[in-house]
Amino acid sequence: MAPSPRLSSVLDKANAAESAETLTGLLRDGGALPGDGRVVASRVARMGGSGLVGAVARVHLEYAAGKPAGPASLVLKTASDVFDEGPQLAAMEVKFYRGVVPTLPEALAPLVVGSGLDERTGQSWLLLEDLGDSGFVRQIDGYSDSQALAAVRKLAVLHAHWWGRDLPRDLRWLTAPQDSAVAGFCARWLRSYGGPWPTALGDAPRRLLAGYDKLAARLGASPRTVVHGDFHSQNIAFGSGGQSHDARFIDFQFVQHGCGPLDVARLLATSLRTEVRREIETALVREYHGTLVARGVEGYELDRCVDDIRAALPWNLATPLALHVMGIQREGRHWPLRLPIVERCLAAIDDWGAWNGR
């Protein structure tokens, strides 16, 4: 596909993301603006915390007076230049929104106003509904029990829809965990590190590396489904009142075709304070499994679900440790004095006996 003028202009911050004509056309084409509505001005502001896996900006919009108006703002996503894999990850997210989201039985993601993908250059962009900021919960703060239960109920809707199904030809870009871009990224950086690991990690890095390939293959075993790949509280937005039916997910750059409980393990270990996790994890697992069954999943017993979550818990260490190693080797950073989310992950691994998981 040759780069289109619309693709080029939207990626050019000084030209298209602020171009009233381009934005008007995208909003109309996406059904977000009546035919006589018109964007007259826009302002682009980089969103805080963005730029690691994807570059994210908020596009504030102004409309012609006396005419119908569309959304007050949109979110523009492009590839990050921090990762070598950035363009590949961004392209996967575009493909997810184009190929997977329209198949889902419920709204699980922001609405797409426009997207572009140049397969030749790998250049891509997404213009999405702005879900705001208030519906997200910082990982360090952690979910309440009701929020966590609502999140896994909604997650099970995604998983159940694709559970055990062969991918159609146009979705075979979805890879198993062992073949995913993020697994390759983590393996490369973790195996390149020859320095000392923080004392707080104990022998976890050694054990993770020793079993890395086997674990990745385990998480790609049947029954497979479409998994988010980075399912934590900062990637889940609740609507007004925190209702579960309003929950929607963002950041699908790590989407994979693998073991559904991989996502449950990520939420459980990263987005709950340890004391809260210990109190509600049994109910959380039952909620997830019960929703799968209610959505038509057959032949997947609760004990198997528990085993799969246990097996997936060490995988939560790979990405944060690889990111720290990248910062140390590329930019001369040091290990932080505390690794609170990683420490939560280690506590969950110990509580579940996950190093010995099947």
(request) Pick out, from segment 290-358, the helices (runs of 4 or more DSSP H) lying fully within it that include 3 or more residues that are of a type in the set (D, E, K, R) and within 28 Å of TRP197 (Cα to Cα). (result) 340-352
(message) So for segment 77-100 (the condition being at pLDDT 95 or above, of a type in the set (Val, Ile, Thr) and part of a helix (DSSP H, G or I)), does at least one residue qualify?
(response) yes
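Conditions tested, residue by residue: (1) touching a residue at least 12 places away in the same chain (Cβ under 8 Å); (2) out of contact with any Asp or Glu (no Cβ under 9 Å at 6 or more places or on another chain); (3) of a type in the set (S, T, N, Q).
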position	(1), (2), (3)
VAL101	no, yes, no
LEU104	yes, yes, no
GLY122	yes, yes, no
GLY132	yes, yes, no
VAL152	yes, no, no
ASP170	yes, yes, no
TRP173	yes, yes, no
ASP179	yes, yes, no
GLY184	yes, no, no
(message) Just to check your reading of the model, which residue among ALA322, ALA311, ALA318 is more than 16 Å from VAL227 (Cβ to Cβ), in the same structural domain as ASP350 (by TED's automatic domain parsing) and touching a residue at least 60 places away in the same chain (Cβ under 8 Å)?
(response) ALA322
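The values are calculated or read from the model by the stated rules, or taken from the named source; none is laboratory data. Remember, predicted model here, so these are calculated numbers, not experimental data. Every residue, glycine as well, gets a Cβ built from its backbone with ideal geometry; the counts of neighbours run over all protein chains shown.
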